[in-house]
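Notes follow once the structure below has been shown.
The values are calculated or read from the model by the stated rules, or taken from the named source; none is laboratory data. Not measured: the values here are computed from a predicted model. No Cβ is skipped: glycine too gets one built from the backbone with ideal geometry, and neighbour counts run over all protein chains shown.
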Ligand code: PLP
């Protein structure tokens, strides 16, 4: 009796693991949670104050579908000053989380049967969102030696006449890899040549440790014309539960995305939008401090991982994850269908640490840990990972 759509999607694994951790905690089990990509910082005070003030001022009635004008003006300014991207406020649509910006876009751009290219390993929801709009996700196999990054040459091999869009996540969840300007140009020129959209998910753009971050839409006017820039407040400003994101696109596409959103949610919660406004306008220092904390954690996590024998990993340049190679345990670890799933299940069961199997990102020989938690938590968790791995080998 239910839609066939449900036959092809799998519930989000990261959300599933988080729910399991919550259940275990409710039963009094002390679990270390390195599964979730959720900053452990509180919402910055000034941002909170803006949300509270909006409620006290009774700004609670229906408002503009693409989002509050003052918020879109602030986003437009941010995109210009920080990312060198020119987007007018009427080219921005504020959404309930970046997830919604992604889904709105997929609905606005794809038709059933269109192919959407994803770079493996890819964030869990891209493939499922693509299927939900009846388009077809196509995973691009990338090379570990190149930190699983896409190249123009590789992209060429996957383009067919049905290809409508490439989703490029930079910095990448789960690897933390960051593309240089030259690497982006190489990819974008192929998209221009074949006239395919680039959905640039730049939600981790503020959390960038070494390289200068380059936005796709800043590369040239031509590239901007085929790009949908996606960003959000969850990762950079610790506003996960506030559910706030946005898309920035050429005007005509923004109008269409807005038309879709008008029927789905109208606009995101106004108090949430005021919190986002406050975060952009008044909380740059708080955000910088959080990024600095992630940088220190990245250094600590990788220093500890370096001491674990037989585990390789991709050195993260951005975001707050490490993608760890568990291939070396493969021959000695008994598993049924998925190495990474069974590895994570057993690790959770025996050592009470939650991490995410690589299969959720399309690559089974890896697991992902998040260091958006406290130092104490990840150091203890890595001690346990060390024991678990050495116990298998
Ligand atoms: N894009 C990527 C790459 C993510 O990792 C996430 C969240 O984990 C999102 C989008 C969704 O962000 P939001 O919480 O703003 O919907």
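Points to keep in mind about this one:
- Options 308, 314, 257: the member that is within 30 Å of residue 375 (Cβ to Cβ) and in contact with a strand residue (DSSP E or B) (Cβ under 6 Å, 6 or more places away or on another chain): 314
For every residue, the table says whether it meets (1) in contact with a helix residue (DSSP H, G or I) (Cβ under 9 Å, 6 or more places away or on another chain); (2) within 29 Å of residue 370 (Cα to Cα); (3) away from the ligand (no atom under 16 Å from the Cβ).
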residue	(1), (2), (3)
118	yes, yes, no
128	yes, yes, no
134	yes, no, yes
155	yes, yes, yes
165	yes, yes, no
187	yes, yes, yes
194	yes, no, yes
198	yes, yes, no
202	yes, yes, no
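- All of (1) closer than 24 Å to residue 189 by Cβ; (2) in contact with a strand residue (DSSP E or B) (Cβ under 7 Å, 6 or more places away or on another chain); (3) surrounded by fewer than 18 Cβ atoms within 10 Å (Cβ to Cβ); (4) without any contact (Cβ under 8 Å) to a residue 60 or more places away in the chain hold for residue 120 with one exception: (4).
- Scan of region 1-47 for residues that are in a helix (DSSP H, G or I), more than 27 Å from residue 363 (Cβ to Cβ) and either in contact with a helix residue (DSSP H, G or I) (Cβ under 7 Å, 6 or more places away or on another chain) or at pLDDT 95 or above (or both), ordered by number: 45, 46, 47
- Residue within region 311-324 that is assigned to a helix (DSSP H, G or I) and either away from the ligand (no atom under 16 Å from the Cβ) or more than 19 Å from residue 101 (Cβ to Cβ) (or both) present: no
- Qualifying residue in region 233-244 (condition: under 23 Å from residue 69 (Cα atoms), within 17 Å of the chain's Cα centre (by Cα) and without any contact (Cβ under 8 Å) to a residue 40 or more places away in the chain): yes
- When we screen 206, 298, 224 for residues that are in contact (Cβ under 8 Å) with a residue 12 or more places away in the chain, more than 26 Å from residue 137 (Cβ to Cβ) and in contact with a helix residue (DSSP H, G or I) (Cβ under 8 Å, 6 or more places away or on another chain), the only hit is 206.
- Filtered residues of region 204-223 (kept if closer than 19 Å to residue 72 by Cα and either within 16 Å of the ligand (Cβ to nearest atom) or buried (at least 23 other Cβ atoms within 10 Å of the Cβ) (or both)): 205, 206, 215, 217
- Scanning region 272-296 for residues that are surrounded by fewer than 19 Cβ atoms within 10 Å (Cβ to Cβ) and within 20 Å of the chain's Cα centre (by Cα) turns up 288, 291, 292, 293, 295.
- Among the candidates 333, 343, 388, the residue that is touching a helix residue (DSSP H, G or I) at 6+ places or on another chain (Cβ under 6 Å) and assigned to a helix (DSSP H, G or I) is uniquely 388.
- Identity of the residue in region 63-94, within 16 Å of the ligand (Cβ to nearest atom) and under 28 Å from residue 212 (Cα atoms), that ends up surrounded by the most Cβ atoms within 10 Å (Cβ to Cβ): 93
- Residues that are assigned to a loop (DSSP other than H, G, I, E, B) and within 16 Å of the ligand (Cβ to nearest atom), drawn from region 224-244: 233, 234, 235, 236, 237, 238, 239, 240, 241, 242, 243, 244
- Residue in region 245-266 that is assigned to a loop (DSSP other than H, G, I, E, B) and buried (at least 24 other Cβ atoms within 10 Å of the Cβ) present: yes
- Check on residue 298, away from the ligand (no atom under 13 Å from the Cβ) and not assigned by TED's automatic domain parsing to the domain that holds residue 217: yes
- Filter result for residue 97 (touching a residue at least 60 places away in the same chain (Cβ under 8 Å) and surrounded by fewer than 23 Cβ atoms within 10 Å (Cβ to Cβ)): yes
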